[in-house]
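**Q** Mind looking over this structure? Questions follow.
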């Protein structure tokens with residue numbers, strides 16, 4: 001099993017109307033999600049373009065979200081904005097550093113923290129129209145021009161981070177180390193080429 005090591009830059013939770021989250025020194029992770037967070041639940045309603053028809057009650061595969069400082073920097077460069085993008089304004093629960101291509105971690109990857117908290121990656125977090133419009137309203141380009149309403153969606157297409165579910169409870173602190181165990185199909189599950 002391949003492992004990576006990184007660091008927690010910041011942790012966030014909240015339920016603001018603009019989809020942002022407040023930064024905290026630590027967050028409590030429970031089996032149904034992060035305490036005080038809008039996405040805390042075992043279930044959620046689907047939206048337009050989701051896997052099931054809009055309004056369907058389904059398992060919540062989005063109990064937490066994470067972005068990386070490296071990918072945020074790349075998105076900001078692509079958007080040509082002066083102000084940095086933050087996990088706070090993007091509504092992410094975790095901002096990590098040192099995990100190369102965080103957004104490309106496969107489903108089943110486990111993030112482990114010193115308290116014993118464990119998070120499982122469910123999927124890549126695609127950019128949405130609402131978040132793109134929110135970021136356009138918050139930023140200006142280095143030239144002073146307005147940011148287009150689709151700029152964030154285009155720039156973050158493959159680097160918006162990941163979402164997932166809680167595997168084990170605990171506390172996650174800003175500054176914690178994180179060990180990432182990248183999911184690989186076990187040999188016994190692979191089909192023979194014969």
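**Q** With each label point set 7 Å from Cα along the Cα-Cβ vector, what nm distance links residue 128 and residue 31?
**A** 2.7 nm
**Q** Roughly how many nanometres apart are two label points built 7 Å out from the Cα toward the Cβ at residue 167 and residue 1?
**A** That separation, rounded to one decimal, is 0.6 nm.
**Q** Please express the Cα-Cα pair-distance distribution P(r) of region 3-184 as a list of whole percents, one per 10 Å bin, running from 0 to the bin with the greatest distance.
**A** Bins of 10 Å from zero give 10, 39, 36, 14, 1 percent of pairs.
**Q** Does anyone have the angle between helix 129-138 and the longest principal axis of the chain? Alpha-carbon axes, 0 to 90°, nearest 10?
**A** 50 degrees
**Q** Between the helical axis of 69-79 and the dominant principal axis of the chain, each derived from Cα atoms, what acute angle in degrees is found, rounded to the nearest 10?
**A** Relative to the chain, helix 69-79 is tipped by roughly 40 degrees.
**Q** Using r as the Cβ-Cβ distance of residue 78 and residue 17, and R0 as 25 Å, what FRET efficiency do you calculate, to the nearest 0.05?
**A** Working: r = 27 Å, r/R0 = 1.09.
The pair residue 78/residue 17 has a calculated efficiency of 0.40.
The numbers here are math on the coordinates, done by the rules we state, and not lab data. Bear in mind the structure is a predicted one, so any value in this text is a computation, not a measurement. Backbone-built Cβ (ideal geometry, glycine too); neighbour counts: all protein chains shown.
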